[in-house]
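Have a look at this one before I ask anything.
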Amino acid sequence: MTTQNSLGIIVYAPALVRNDRRTLDIVHGMEKALPGLRLEWRLSGGGRPIELPQRDAWLAENTQDGKFPLLCNGDERYPVTVNGRGRSGRRSPGGQPLSEIHVRLPLDERVIASAVAVLEGVAEGACALWGRATPSDAAVDIAYQTAPTQGGPPSPRRGLPALKLFEHIRSPEIPFYLGWLNYWSAAAARTIGFPDSSRDAELLSRARRTASGGWVVQLTEAPLELDGSAHLDALKRAYDRFPEIGGRARADVRDGSTRGG
């Protein structure tokens, strides 16, 4: 799969433990959100799909220490994958260990139509703090907001703001960055001040409340494409609206650890 035609989802959740039911909830949520999807294969060492007749039992047994073994749909022409890994407290906000859940899907009309539901299924299944879904090309630009240069600070592209490194953000409820679709748990939404009826009418017109009280907030109708000024401006407006995101609020810069500003 190339970066030109893929949608990447990442959600950040409290660390997974052995036999953690959340991995099954994530998979079931994805399968419910994307009709016809069955994540019942693992990959061999050589990358060949191997069917799992007892998928749920295998997944429960192999979930441990923050890790979520890779599952796929078994179709090399239309690959969908999900997996996860732990993130130590030393490298996470507030010293709290987390799990990162990663999903990759082809970016086509079918996925675009179901993307909000897929992100919601993954995030709610994981009991995530926050997450995002973004086309791979835009995700590269967004990564430069925290990627250090040889001189130290990041060098963001396209006039986007520089963001703090994850471990320098004060709380795990604060999103590290924005994406095309954004999942904010109820705690994350409170922390960043969403929603505000006087300022968030546009975002609320493309937002969906989740069963847990969180939100899925869509920045643009079409998948984020930062070569277009309208999409870039929408992303910049969202960063201006939520200075907590990326640790840019004044309370987060008193230790001098903001990278590049």
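The numbers here are math on the coordinates, done by the rules we state, and not lab data. Computed from a predicted structure; not experimentally measured. Every residue, glycine as well, gets a Cβ built from its backbone with ideal geometry; the counts of neighbours run over all protein chains shown.
Are there any GluC sites (Glu not before Pro) in the range 44-130 that are in a DSSP loop and have at most 16 other Cβ atoms within 10 Å? List them by number.
GLU76
Contact order normalised by length for the range 53-162, with contacts defined as Cα pairs under 8 Å and 6 or more residues apart; what percent is it?
RCO, the range 53-162: 13 percent.
Let me ask another. Just to check, using Stokes-Einstein with a Kirkwood Rh over alpha carbon pairs, what's the diffusion coefficient of the chain at 20 °C and 1.002 mPa s in µm²/s?
Calculated translational D: 114 µm²/s.
While we're on this one: In whole Å, what is the distance between the alpha-carbon centres of the range 1-74 and the range 161-188?
Measuring centre to centre over Cα atoms gives 24 Å.
Can you list the trypsin sites (Lys or Arg not before Pro) in the range 1-55 that are in a DSSP coil and have 12 or fewer other beta carbons within 10 angstrom?
Here the sparse-neighbourhood loop sites are ARG18.
Given contacts defined as C-alpha pairs under 8 Å and at least six residues apart, what's the relative contact order of the range 1-128, whole-number percent?
Taking the mean separation of contacting Cα pairs over the length of the range 1-128, I get 38 percent.
Using Cα pairs closer than 8 Å and at least 6 residues apart in sequence, work out the relative contact order for the chain, in percent.
20 percent
Out of the GluC sites (Glu not before Pro) in the range 147-240, which ones are loop residues according to DSSP with at most 15 other C-beta atoms within 10 Å?
Here the sparse-neighbourhood loop sites are GLU221, GLU225.
I've got another one for you. Using +1 on the beta carbon of Lys and Arg, -1 on that of Asp and Glu, and nothing else charged, what's the dipole of the chain about the Cα centre, debye to 20?
The calculation lands at about 660 debye.
Computed FRET efficiency, Cβ-Cβ of SER229 and SER171, R0 41 Å: what is it to the nearest 0.05?
0.80
Show that you can apply the helix-only estimate: for the chain, add -39,500 (n - 2.57) for every DSSP H stretch of four or more residues, divide by all residues, and state [θ] at 222 nm to the nearest 500.
One gets -8000 deg cm²/dmol as the mean residue ellipticity at 222 nm.
Ok, one more. Counting only Cα atoms, I'd like the Rg/Rh figure for the range 9-63, Kirkwood definition for Rh.
Rg divided by Rh gives 0.98.
I need the phi-derived Karplus couplings for the range 130-135: 6.51 cos²θ - 1.76 cosθ + 1.60, θ = phi - 60°, integer Hz, Gly and Pro marked x.
Here the 3J(HN,Hα) series is 6, x, 7, 10, 8, x Hz.
Looking only at GLY47, GLY89, GLY29, which one moves most when the chain is put into a Gaussian network model with springs between Cα atoms under 10 Å?
Greatest mean-square fluctuation among the candidates belongs to GLY47.
Among ALA249, THR146, ILE174, which residue has its Cα positioned farthest towards the positive end of the charge dipole of the range 104-256, with +1 placed on the Cβ of Lys and Arg, -1 on the Cβ of Asp and Glu, and the dipole taken about the Cα centre?
Ranked along the dipole, the leading option is ALA249.
Tell me, in nm to one decimal, what length is gained between ASP200 and ARG77 on full extension, where the rule is 0.36 nm per residue of separation less the Cα-Cα distance? Spell out each step's value before the answer.
On the way: separation 123, 0.36 × 123 = 44.28 nm, distance 4.03 nm.
Fully extending the segment from ASP200 to ARG77 adds 40.3 nm.
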